[in-house]
Amino acid sequence: MAGKFEWHKFSEVDLDDGFFDSLKADYEEFPDWFKRKSDAGESALVFHDEQGVGAFIYLKRENEAIKLSDSTILPAISRVKIGTLRLAERYRGMRLGEGALGVSLWKWCEDRTEEIYVTVYEKYSELINLFERFGFICMGRNRRGECIYLKSRSKIDYSDPYKSFPFIRPDFSKAGLIPIYERYHDRLFPYSELKIKKREIEEETAGNGITKVYIASPFTAMHYEIDEPVYIYRIYEGDTGKTYKSAVTSYCTITKMEVIKSNGKTTISLADFIKNAGNKTVFSPEELTVTYENQKNIIMLELVYNGYFGKGHNVIHKDLKNQGLFNSHPYQLDFSKDQFTKILEMGDVDAQNVIID
């Protein structure tokens, strides 16, 4: 996919781009609204490719009542509003929307406001499906006929890792660790290790989506479970300093597992393996083929990317070892909830803002 998400001032974005035609058609006041934001120096997350604008997302904080068409009033509290989230036709149904919404939910989490909401006309069914997948609930319609989709911290749906994103369900009994060599880690999670500025992390995440697929090749069977939180462990491949440079960088939740090969016996064909891996993995078809032909055990893990520590906050192997948190092979590590929480805190993350009881 050519193109890139970047934060831009409204004044840097071409309102005459054909991308905005549908917004102008839906909202007569849109050009005036856009000008006010431009004059105020506000910014939006914008995807550009060779055809122009491909996606646009704008967030703002509000503290006002929301009036519904049935005379119901949602009381005035501190909320994040997704003021605009629109995808060009050429990108609908792709990972661009997932990534942009994922960044919005990260920023909501960081903002610590109670609710996040968006207004959307019923005709935009793909966007509505995306909001519902991430746990937004329709509260009714406003007076112009838009659906009000809202997500609340106090009513997180933990039945599905996407619905609860970016939060991790509080009732887990164990957590694991996925070791990934740096050459693969930095392709799958580049923002976890290499980026310093939050804006760069958000731009890359929006473009890459928050669903990740990793192909694991353990020596023995693994003991992961669906809905289990896991840490991502970046294995440094240099000759020296591994205990200081290998580190936990990110935390995810396992959403799917598929055994491709067990003790040398394959369960699906090579073609299906490559197809199922899709575009959410960093492995090329050639790399997948080599893995398929040469590894004894292969498991495909699909993950939802809950969060990251960021450069300067990653938890190195030496510190994990000193705290009694790394006493066996990475694939065999099991963490209790208390141990998982401790690692979050070692990475300077507020655990109570990740695991909401």
Which ones in the range 5-45 are free of Cβ contacts under 8 Å to residues at least 12 places away in the same chain and closer than 27 Å to Gly209 by Cβ? Glu12, Asp21
What are the residues in the range 125-151 that are surrounded by fewer than 17 Cβ atoms within 10 Å (Cβ to Cβ) and either under 22 Å from Gly307 (Cβ atoms) or acidic (Asp, Glu) (or both), if any? Glu126, Glu132, Arg133
Return the residues of the range 310-342 that are modelled with pLDDT of 95 or more and under 22 Å from Asp111 (Cα atoms); say none if nothing qualifies. Thr341
Take the residues in the range 270-293 that are out of contact with any Gly (no Cβ under 8 Å at 6 or more places or on another chain) and outside any helix (DSSP H, G or I), then tell me which one is nearest to His223 (Cα to Cα). Thr281
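Let's see how each residue does on (1) in contact with a helix residue (DSSP H, G or I) (Cβ under 8 Å, 6 or more places away or on another chain); (2) without any contact (Cβ under 8 Å) to a residue 24 or more places away in the chain:
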position	(1), (2)
Cys252	no, no
Ile260	yes, no
Ile299	no, no
Phe309	yes, no
His317	yes, no
Gln339	no, no
Ala351	yes, yes
Read through the list (1) in contact (Cβ under 8 Å) with a residue 40 or more places away in the chain; (2) crowded, with 20+ Cβ neighbours inside 10 Å; (3) under 22 Å from Glu28 (Cα atoms), then give the number of the only condition that Tyr121 fails. (2)
So which residues in the range 95-110 are out of contact with any Leu (no Cβ under 8 Å at 6 or more places or on another chain) and of a type in the set (Asp, Glu), if there are any at all? Glu110
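For the range 231-269, which positions are assigned to a loop (DSSP other than H, G, I, E, B) and within 16 Å of His185 (Cβ to Cβ)?
Matches in the range 231-269: Tyr236, Glu237, Gly238, Ser246.
Mind listing whichever residues of the range 128-172 are of a type outside the set (Gly, Ala, Ser) and assigned to a helix (DSSP H, G or I)?
Scanning the range 128-172 gives Ile128, Asn129, Leu130, Phe131, Glu132, Arg133, Arg153, Lys155, Pro161, Tyr162, Lys163.
Residue-wise test of (1) assigned by TED's automatic domain parsing to the domain that holds Val282; (2) in contact with a Pro (Cβ under 7 Å, 6 or more places away or on another chain); (3) surrounded by fewer than 16 Cβ atoms within 10 Å (Cβ to Cβ).
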{"position": "Glu12", "(1), (2), (3)": "no, no, yes"}
{"position": "Lys24", "(1), (2), (3)": "no, yes, yes"}
{"position": "Phe34", "(1), (2), (3)": "no, no, no"}
{"position": "Asp39", "(1), (2), (3)": "no, no, yes"}
{"position": "Gly97", "(1), (2), (3)": "no, no, no"}
Those residues of the range 87-106 which are in contact with a helix residue (DSSP H, G or I) (Cβ under 7 Å, 6 or more places away or on another chain) and outside any helix (DSSP H, G or I), in sequence order: Leu87, Ala88, Arg92, Gly93
Which residue is surrounded by the fewest Cβ atoms within 10 Å (Cβ to Cβ), if the candidates are limited to the range 310-343 and must be of a type in the set (Gly, Ala, Ser) and either within 17 Å of Cys252 (Cα to Cα) or not assigned by TED's automatic domain parsing to the domain that holds Ile298 (or both)? Ser336
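From Ala55, Ala44, Ala2, Ala65, which residue is in a strand (DSSP E or B), surrounded by fewer than 13 Cβ atoms within 10 Å (Cβ to Cβ) and either among the charged types (D, E, K, R) or modelled with pLDDT under 95 (or both)?
Ala65
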Given the conditions (1) at pLDDT below 90; (2) among the small types (Gly, Ala, Ser); (3) part of a strand (DSSP E or B), which single one is not true for Gly307? (1)
Return the residue satisfying two criteria in turn: it lies in the range 152-182 and is aliphatic (A, V, I, L, M) and in contact with a Pro (Cβ under 8 Å, 6 or more places away or on another chain), and of such residues it is surrounded by the most Cβ atoms within 10 Å (Cβ to Cβ). Ile168
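Yes or no, residue by residue, for (1) on the phi > 0 side of the Ramachandran plot; (2) more than 23 Å from the chain's Cα centre (by Cα); (3) of a type in the set (A, V, I, L, M, F, W, C):
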position	(1), (2), (3)
Ala247	no, no, yes
Thr255	no, no, no
Asn263	yes, yes, no
Thr291	no, yes, no
Asn306	no, no, no
Leu325	no, yes, yes
Ala351	no, no, yes
The range 211-233 residues that are closer than 20 Å to Ser284 by Cβ and among the charged types (D, E, K, R), paired with ones that are at pLDDT below 90 and crowded, with 19+ Cβ neighbours inside 10 Å (beta carbon under 6 Å, 6 or more apart): Lys212/Leu188
Which residues, taken from the range 327-349, are in a helix (DSSP H, G or I) and more than 18 Å from Ile316 (Cβ to Cβ)? Tyr331, Gln332, Lys337, Asp338, Thr341
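The values are calculated or read from the model by the stated rules, or taken from the named source; none is laboratory data. Every value quoted in this text rests on a predicted model; they were computed, and no experiment measured them. In this analysis, Cβ positions are derived from the backbone assuming ideal geometry, glycine residues included, and neighbour counts consider all displayed protein chains.
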